[in-house]
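> Handing you this structure, nothing more for now.
The values are calculated or read from the model by the stated rules, or taken from the named source; none is laboratory data. Fair warning: this is a prediction, and the values are worked out from it, not measured in the lab. Using ideal geometry, Cβ is built from the backbone for each residue, glycine included, and neighbour counts are taken over all protein chains shown. Note: areas computed on protein heavy atoms with side chains; ligands, DNA, RNA excluded. Shrake-Rupley method; radii C 1.70, N 1.55, O 1.52, S 1.80 Å.
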Amino acid sequence: MGKYPNFLMEHFQNPKNVGEISDSDGVGTVGNASCGDIMQMFIKVDGNRISQATFKTFGCGAAIATSSILTERIKGATIDEALKISERISKEILSELPEEKIPCFTLATNALKLAIEEYRCKQVGLRQKKEFDSLKKEAQKIGKSEVS
Ligand code: FES
């Protein structure tokens, strides 16, 4: 990573938030078609705020550095804020990266989007289950029996 600015070099040499969250609320896995590298991003959400964000990758130095920055900055953010932060970082970092390294950076942002999508799907599933359970209770109160 010879021609990279210092802040990227720092994150490449000392990446933050490397690893997996075993009880994550969302995981995003993406691949870089041009090099075959893979990125996984994990988020843990408490009360609509991202309490933890981590990543694992077989990617290059640019992928490692940008994932480290992204996971650092979205900690404590709401889901919507995290997506905006990701857009802001894109503008900030893309101008610093050589063009051929742009797909390496988008590995991190795309993995985050997928992790958030998974989190949101789980939330919808939980809401639907609650509604179903509540309707089931009402039905049982008036003597309806469940067919299974
Ligand atoms: S070269 Fe594969 S992620 Fe950068």
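> Counting other Cβ atoms within 10 Å, keep those with at most 14, restrict to DSSP loop, and tell me which trypsin sites (Lys or Arg not before Pro) in the range 1-73 are left.
Passing both the DSSP loop test and the Cβ count: LYS3.
> Bins of 10 Å, beginning at zero and ending with the bin holding the largest distance: percent of Cα pairs per bin for the range 11-148, please.
Histogramming the range 11-148 at 10 Å steps yields 12, 38, 24, 11, 8, 5, 1 percent.
> Loop-only check: which chymotrypsin sites (Phe, Trp or Tyr not before Pro) in the range 1-81 are DSSP coil with at most 15 other Cβ within 10 angstrom?
Passing both the DSSP loop test and the Cβ count: PHE58.
> In whole percent, how big is the carbon plus sulfur part of the accessible area of the chain, probe 1.4 Å, protein atoms only?
C and S fraction of accessible area: 52 percent.
> Leaving out same-chain residues fewer than 8 places away, which lysines sit with a Cα under 22 Å from that of LYS75?
LYS16, LYS44, LYS56, LYS84, LYS91, LYS113, LYS122
> Shifting gears a bit: Compute the accessible area per residue over the chain, keeping the other protein chains in place, probe 1.4 Å, unit Å².
Solvent-accessible surface per residue comes out at 59 Å².
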